Amino acid sequence: QAFSLFVKAKEVPAAGRCAGGGVRWRCCRQAFEELAGIHRHVALQHGGDIGQQAGLAAEVSPSSGPAPASNGDGLNGRSCGSPEISCALPDTSHLSYEDLTSKVGEVLLYYCYCEVKDPEKLCAWQKALCQHLHLTGKVRVASEGINGTVGGSKVATSLYIEVMLSQPLFKDILCQEDFKSSAGGAHCFPDLRVGVFKEIVPMGIDPKIVSYKETGKFEFHREVEQYLSQASQGQSDTILLDCRNFYESKIGHFQGCLAPDIRKFSYFPSYVDENLELFKDKRVLMYCTGGIRCERGSAYLRSKAVCREVYQLKGGIHKYLEEFPDGFYRGKLFVFDDRYAICSNEDIISACRYCGTLWDQYKLCSSQHCRQLVLTCPSCRNKGLTACCLVCQEKELKVTSRASGQTLKEECECTRRRPRVPIEHVSQRMLDAGK
């Protein structure tokens, strides 16, 4: 049944087929006309996926006809035995293959903190739903909730939101406004990755120790305005804290912010621990891309009991720019897909790694062993300067001569020079950074 369900999700709608037959299934960017062909492909390439969906198959009918409506939610399929999770998949029989796979689409970013008693079941349903709608992207499921960024056609993403809002597990928690969207589509991600994790955002702290339920207050724009006014007069008792990684804040940030030079969010707790004196008796305004890192980050900072108040930006920069496009955020907004950044204003606040020309379009370091992003302008790229540092530039030649699979990771000058957890010093630098 799980196998049949997976194959069914890859079926091309009748409206999208040629009159004489032709392509009946699409999977992994391949087309299949014969049942034996798609069966062979699924068996060889998606055995693990089938295993994860085995528990889901009994709950979702794999038949080609419409299934009965579930709980009056307007979706086809039957709900799971669990009162918390509905495993229904939407009816797409009225949609064409082109409707579901159009490249004119969008990328959704969302998260929902809630108690999930069966993360594996939610994960299996989520994977089946995304495959059913031809969505790509990344979805993290944990006992503390779900965090996703998915791309597809506008028809598919709209249907995805509708189904998510109809999920009983998210009732009265998730709403339409929680889904941040930007121009894009399924092509913005190389594939679909859905999995169960301990945390829906990797901070490295057990959710049972620091819970999202202890998050900071939801206030921001007015607070930032007041902070910048006081800071210009040297009277501020507030810290505007960027919770993102250094390569994110490098191309875009709020005026007057403190942007830690950290590479991973899992370093954030250590950063707070090493800099407690900096936050003592301060009002802290925190922000990140979509709000999810602030949920846990503000909870961790509050658990240290050193700050006077902790605020966070609800919905993150993404939502802030929708409401205040001409607000206090300058530069581009970094996103974790193949676009790397989306435009918020005309400002360019970063420079080319090699010549210093204003530039804010990231590329991956050209050295195979490295996972760093590099800002290198077209002129420098034409000169062959495509690595994140000179060490990587030299190693690139050595790595290409090695046997396949013998690659190194993060062994570059950039990584070695950057302290894992920087120690901040209270200075005028924080105020000057935003001017």
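The values are calculated or read from the model by the stated rules, or taken from the named source; none is laboratory data. Quantities reported herein were computed from a predicted structural model and do not represent experimental measurements. All Cβ positions, even for glycine, are placed from backbone atoms using ideal geometry, and neighbour counts span all protein chains on display. Surface accessibility is based on the protein's heavy atoms, side chains included, excluding ligands, DNA and RNA. Shrake-Rupley method; radii C 1.70, N 1.55, O 1.52, S 1.80 Å.
For the criterion of being farther than 19 Å from Tyr113 by Cβ, of a type in the set (Gly, Ala, Ser), in the same structural domain as Leu228 (by the TED database) and free of Cβ contacts under 8 Å to residues at least 24 places away in the same chain, Ala259 fails.
On inspection, Tyr287 does not qualify as closer than 28 Å to Gln372 by Cα, surrounded by fewer than 23 Cβ atoms within 10 Å (Cβ to Cβ), aromatic (Phe, Trp, Tyr) and touching a residue at least 12 places away in the same chain (Cβ under 8 Å). A residue that is outside the structural domain of His132 (by the TED database) and at positive phi occurs somewhere in the range 198-205. Across the range 93-119, which residue is farthest from Ala9 (Cα to Cα) among those that are out of contact with any Gly (no Cβ under 7 Å at 6 or more places or on another chain) and part of a helix (DSSP H, G or I)? Here the answer is Pro119.
Taken over the range 373-394, the residue count meeting the criterion of being over 28 Å from the mean Cα position of the chain (by Cα), closer than 19 Å to Tyr247 by Cβ, open to solvent by 10 Å² or more (accessible area, probe 1.4 Å) and in contact (Cβ under 8 Å) with a residue 24 or more places away in the chain is 2.
If I filter the range 343-372 down to residues being of a type in the set (A, V, I, L, M) and modelled with pLDDT of 95 or more, which single residue comes out as least open to solvent (accessible area, probe 1.4 Å)? Within the range 343-372, the match that is least open to solvent (accessible area, probe 1.4 Å) is Ala351. Listed conditions (1) open to solvent by 30 Å² or more (accessible area, probe 1.4 Å); (2) under 23 Å from the mean Cα position of the chain (by Cα) are all met by Asp91, apart from (2). Residue pairs whose Cβ atoms lie under 8 Å apart, separated by 6 or more positions or on different chains, with the first residue in the range 18-39 and farther than 15 Å from Phe6 by Cα and open to solvent by less than 60 Å² (accessible area, probe 1.4 Å) and the second of a type in the set (Phe, Trp, Tyr) and at pLDDT 80 or above, are Val23/Phe32; Ala31/Trp25.
On the stretch given as the range 331-361, residues that are more than 16 Å from the chain's Cα centre (by Cα), closer than 24 Å to Val150 by Cα and among the aromatic types (Phe, Trp, Tyr) total 0. Taking the criterion of being more than 19 Å from Gly290 (Cα to Cα) and in a helix (DSSP H, G or I), the residues of the range 174-196 that qualify are Ala186, His187.
The requirement of being on the phi < 0 side of the Ramachandran plot and either outside the structural domain of Phe265 (by the TED database) or not in a helix (DSSP H, G or I) (or both) is not satisfied by Glu223. Summed over the range 140-190, the residues that are among the charged types (D, E, K, R) and either in contact (Cβ under 8 Å) with a residue 60 or more places away in the chain or buried (at least 21 other Cβ atoms within 10 Å of the Cβ) (or both) give a count of 6.
Identify all residues within the range 299-329 that are aliphatic (A, V, I, L, M) and outside any loop (DSSP other than H, G, I, E, B); write none if there are none. Correct list: Ala299, Leu301, Val310, Ile317, Leu321. Does the range 212-245 hold any residues that are within 24 Å of Leu333 (Cα to Cα), touching a residue at least 40 places away in the same chain (Cβ under 8 Å) and exposed (fewer than 15 other Cβ atoms within 10 Å of the Cβ), and which are they? Listed by number, the residues that qualify are Lys217, Phe218, Glu219, His221, Glu225. Of the residues making up the range 248-266, just one is open to solvent by less than 40 Å² (accessible area, probe 1.4 Å), over 21 Å from Tyr227 (Cβ atoms) and assigned to a helix (DSSP H, G or I), namely Phe265. Beta carbons closer than 6 Å, at least 6 apart along the sequence or on distinct chains, pair a first residue in the range 302-315 that is touching a residue at least 24 places away in the same chain (Cβ under 8 Å) with a second that is part of a loop (DSSP other than H, G, I, E, B) and surrounded by fewer than 18 Cβ atoms within 10 Å (Cβ to Cβ) for Val306/Lys280; Arg308/Asp281; Tyr311/Glu219. Filtered by the rule that a residue be of a type outside the set (A, V, I, L, M, F, W, C) and either at pLDDT below 90 or part of a loop (DSSP other than H, G, I, E, B) (or both), the range 375-392 gives Thr376, Lys383, Gly384, Thr386. Of the residues screened, Ser303 is one that is outside the structural domain of Glu413 (by the TED database), over 20 Å from Val224 (Cα atoms) and open to solvent by 20 Å² or more (accessible area, probe 1.4 Å).
Could you please find all residues in the range 4-59 being hydrophobic (A, V, I, L, M, F, W, C), assigned to a strand (DSSP E or B) and modelled with pLDDT under 65? Cys18, the sole residue that qualifies.
Within the range 198-210, identify whether any single residue is modelled with pLDDT under 90, in a helix (DSSP H, G or I), more than 18 Å from the chain's Cα centre (by Cα) and under 17 Å from Val284 (Cβ atoms), and answer yes or no. No; the residues of the range 198-210 include none that is modelled with pLDDT under 90, in a helix (DSSP H, G or I), more than 18 Å from the chain's Cα centre (by Cα) and under 17 Å from Val284 (Cβ atoms).
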